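Rule-based calculations on the coordinates, nothing more; no lab input. Please read these numbers as outputs of a predicted model, since none were measured by experiment. When we count neighbours, we look across all protein chains shown, and the Cβ atoms used for this are built from the backbone with ideal geometry, even at glycine.
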Amino acid sequence: MEDTSKTSMEETDWLFRRMVRKFVKERDKILVEGVTLPGMMILRKLADQGEQRLGELAGEMDLTSGAITAICDRLEELDYAVRSRPKEDRRAVVLSLTEKGRDMFERNRNIGGRCISILFDCFTEEELRQQTEFYRTLYKKLEHFSETILLLAESNAAGQMKLLPAAEKKKTTGKLERNPQQSNYLSY
């Protein structure tokens, strides 16, 4: 990897992580009538599609079971939603919107769209398309990110040579080979 490419990747990595942390910090400051933005997303889904199974809702919203439980606790505490067990499957838990929850969501329906426009309305359609492709690519690259880094750390701890990308492996040997130009850069 050339030094300019390495420097560009390091700067991109730093800015990306900084942006994610800033977004989470800003998002977490927002309470709409006592409800966080992830809670508002759940209310929107309930308002638009009706009751939802918690397991499926957590998966679709990319929330852990602990996070979905905490949000549901808050929505129930505020009387915006209620959990129940369907008669046909007592193991499942569904979340339904209450009238109070529907009224609150309708009053604040414009918040989701405003969040998106604050972040993205300064970009052209082409720039948005490019960003979408960038995010898809990054998302795919995250598929085995932790496994790859953990293998490298394991290899480093064992005192072995660093793993090379598949294209750089020598087909003639089964041994790991060291690439002196490959950085062990991790800014996390």
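Just the number: Rg to Rh for region 31-122, Cα atoms, Kirkwood Rh, two decimals.
Value, to two decimals: 0.99.
Compute the separation of the alpha-carbon centres of region 86-117 and region 1-60 and state it in Å as a whole number.
Rounded to whole Å, the Cα centres lie 18 Å apart.
Taking the Cα-to-Cβ direction at Ile149 and at Leu31 and moving 7 Å from each Cα, how far apart do the two end points lie in nm?
Output for this residue pair reads 3.2 nm.
Here are some pairs, Lys25/Lys140; Lys29/Lys100; Lys6/Lys29; which of them have Cα atoms lying more than 30 Å apart in this structure?
Lys6/Lys29, as the Cα separations exceed 30 Å there.
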